[in-house]
Amino acid sequence: MTATPATLSSAPAAFITLEGGEGSGKSTQAKLLAAALAERGVRAVLTREPGGSPEAEAIRSLLVEGAVDRWDPMSEALLLFAARRDHLRRTIRPALDAGTWVICDRFGDSTLAYQGYAHGLGAEVIDNLAAIAIGGFRPDLTLILDLPVEIGLERARSREAGREDRFERMGAAFHQRLRDGFLDIARKEPARCKVIDAARPIEAIHADILAHVLAHRPETAVRA
Ligand code: TMP
């Protein structure tokens, strides 16, 4: 969606995802990260899920609008993987192949947390679907923005009124399972997943995210 200046580095482009519950501030942080990388001469595409390609954006509307019980959890997961496969094929892979970093607002960990943990499909089912749909493709680095459920839902509800609130309406118990799910994912994959305390000012969160990215790709810090 947004492109920034070209990088001279020969290191492979990084695929970085931001994850978290409702109202965790991922979208704001994704933009701040893209801007900080641009300042360092790193070209990055900013994208999101569900969506990130025209066909996947069409599937997004089916998922985020309408009645809570519109889809059963498995149908939801299948739609998400259909969207993800298209997004990967048309947006993410071409960018990475061209040496452009990709910063993605949500990716596979959202399916694991929302459909796997919170809806109860389980990790094995989600991992199997990921293997079939996208060959198990994974991010290089994942920042999980963590905050108490009630703060996140309050923030999400105070955003401008929109139609994309199907998941927000799923109830506090769902969102608590979701938060616990993201924390469990981080515990299981500590090298890839970094938990960030998102109940702090925007600048403090950004500083933590940037520090993790620069630690992951030290050659980027040198260019600052
Ligand atoms: P967003 O509000 O962060 O753009 O995300 C849209 C909604 O889609 C959000 O409520 C979470 C949900 N979602 C899933 O349930 N599973 C997924 O795999 C993804 C990517 C999003």
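The values are calculated or read from the model by the stated rules, or taken from the named source; none is laboratory data. If you're wondering where the values come from, they're calculated on a predicted model, not measured in any experiment. Positions of Cβ are generated from backbone atoms using ideal geometry, with glycine treated the same way; all protein chains shown enter the neighbour counts.
A few remarks follow.
- Residue check for residue 102: part of a strand (DSSP E or B) and more than 15 Å from the ligand (Cβ to nearest atom): no
- Residue 166 meets the conditions (1) out of contact with any helix residue (DSSP H, G or I) (no Cβ under 7 Å at 6 or more places or on another chain); (2) touching a residue at least 12 places away in the same chain (Cβ under 8 Å); (3) among the basic types (Lys, Arg) in every case but one. The failed one is (1).
- Looking only at residues in segment 145-159 that are within 13 Å of the ligand (Cβ to nearest atom) and out of contact with any Lys or Arg (no Cβ under 7 Å at 6 or more places or on another chain), the one that is modelled with the lowest pLDDT is 159.
- Residue within segment 206-214 that is among the β-branched types (Val, Ile, Thr) and touching a residue at least 40 places away in the same chain (Cβ under 8 Å) present: yes
- Taking the criterion of being among the charged types (D, E, K, R) and without any contact (Cβ under 8 Å) to a residue 24 or more places away in the chain, the residues of segment 169-188 that qualify are 187, 188.
Each row is one residue, and each column tells you yes or no for (1) away from the ligand (no atom under 14 Å from the Cβ); (2) more than 28 Å from residue 211 (Cβ to Cβ); (3) of a type in the set (Gly, Ala, Ser); (4) touching a Pro at 6+ places or on another chain (Cβ under 9 Å).
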| site | (1), (2), (3), (4) |
| --- | --- |
| 85 | no, yes, no, no |
| 90 | yes, yes, no, yes |
| 109 | no, no, no, yes |
| 126 | no, yes, no, no |
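- Single residue of segment 24-41 satisfying the filter (part of a helix (DSSP H, G or I) and of a type in the set (D, E, K, R)) that is nearest to the ligand (Cβ to nearest atom): 26
- Of the residues examined, residue 152 is one that is buried (at least 19 other Cβ atoms within 10 Å of the Cβ) and within 17 Å of the chain's Cα centre (by Cα).
- One residue from 118, 58, 95, 67 being surrounded by fewer than 15 Cβ atoms within 10 Å (Cβ to Cβ) and either of a type in the set (Phe, Trp, Tyr) or in contact (Cβ under 8 Å) with a residue 60 or more places away in the chain (or both): 67
- In segment 42-55, residue surrounded by the most Cβ atoms within 10 Å (Cβ to Cβ) [restricted to those that are assigned to a loop (DSSP other than H, G, I, E, B) and at pLDDT 95 or above]: 52
- Helices (runs of 4 or more DSSP H) wholly inside segment 143-224 containing at least 2 residues that are within 18 Å of residue 31 (Cβ to Cβ): 149-158, 202-216
- The set of residues in segment 46-83 being more than 10 Å from the ligand (Cβ to nearest atom) and in contact with a Cys (Cβ under 9 Å, 6 or more places away or on another chain) consists of 46, 47.
- Check on residue 76, in a loop (DSSP other than H, G, I, E, B) and surrounded by 16 or more Cβ atoms within 10 Å (Cβ to Cβ): no
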